[in-house]
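Quick notes on the structure that follows.
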Amino acid sequence: MSVPKQSLGTSPQILEEYQRVGKELSVKYPSVNIEPILELFTIFGEFVGTEGIKETICEDPDDNKFIECAIASGSKLIVSGDKHLLNISGYKRIEVLKPREFVDAYLE
């Protein structure tokens with residue numbers, strides 16, 4: 001299944017990571033509520049299956065799920081500040097932009 005160009009592609013593995021990290025951050029920053037962002041992904045995200053796609057390109061193997069999702073969804077853009085993902089920007093023509101770069105390039 002190909003996600004339309006302007007969709008928010010995600011996978012169950014990515015949502016699980018966001019939930020886990022959200023819980024960790026809520027302990028460190030109790031005034032920050034990540035639930036609206038998780039809702040955004042749950043409601044508006046186009047969930048794709050990544051079965052059969054195994055990429056081992058990232059220095060941090062846990063980050064491979066983002067490349068796998070991009071490949072499965074046909075995405076050409078990942079928005080992330082993760083240094084391991086930023087280091088492989090351009091892999092299979094998938095660009096990785098920091099959030100500020102994304103906002104500057106696409107939303108202003």
Connecting every pair of Cα atoms under 10 Å apart in the chain and solving the GNM, the largest mean-square fluctuation among PRO12, PRO30, PRO61 falls on PRO30
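Evaluate the relative contact order of the chain (contact order divided by residue number), counting alpha-carbon pairs under 8 angstrom at least 6 apart; express in whole percent.
Numbers: 118 pairs, mean separation 27.7, N = 108.
Reported relative contact order: 26 percent.
Going down the table (LYS23/LYS98; LYS54/LYS76; LYS28/LYS98; LYS28/LYS83), which pairs top 20 Å between alpha carbons?
From the list (LYS23/LYS98; LYS54/LYS76; LYS28/LYS98; LYS28/LYS83), the Cα-Cα distance tops 20 Å for LYS23/LYS98; LYS28/LYS98; LYS28/LYS83.
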In whole Hz, the Karplus estimates of ³J(HN,Hα) for region 13-21 (6.51, -1.76, 1.60; θ = phi - 60°; x where Gly or Pro) are 5, 5, 4, 4, 5, 4, 5, 4, 5
Checking VAL27, VAL48, VAL79 against a Gaussian network model of the chain (alpha-carbon springs below 10 Å), the top fluctuating residue turns out to be VAL27
Scalar couplings 3J(HN,Hα) for region 94-100 by Karplus 6.51 cos²θ - 1.76 cosθ + 1.60 (θ = phi - 60°), nearest whole Hz, x for Gly and Pro, are 9, 8, 10, 10, 5, x, 5
Calc'd 3J(HN,Hα), region 46-51, phi into Karplus 6.51 cos²θ - 1.76 cosθ + 1.60 (θ = phi - 60°), Hz, glycine/Pro = x, comes to 9, 6, 10, x, 10, 4
The distance between the Cα centres of region 18-80 and region 81-108, in whole Å, is 14
The percentage of the accessible area of the chain (probe 1.4 Å, all protein chains present) made up of carbon and sulfur atoms, to the nearest whole number, is 54
Taking a ≥ b ≥ c as the square roots of the eigenvalues of the Cα gyration tensor, with a/c under 1.5 meaning rounded and otherwise prolate when a/b exceeds b/c and oblate if not, region 3-76 is oblate
Rounded to the nearest 10 Å², the accessible area of ILE37 using a 1.4 Å probe with every protein chain kept is 90
Under a Gaussian network model of the chain whose springs join Cα atoms within less than 10 Å, the largest fluctuation of SER31, SER89, SER75 belongs to SER31
Given a 1.4 Å probe, the accessible area of the chain per residue, as a whole number of Å², is 68
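The values are calculated or read from the model by the stated rules, or taken from the named source; none is laboratory data. Keep in mind the model is a prediction, meaning the values are calculated, not measured. All accessible areas refer to the heavy atoms of the entire protein, side chains included, with ligands and DNA or RNA removed. Shrake-Rupley method; radii C 1.70, N 1.55, O 1.52, S 1.80 Å.
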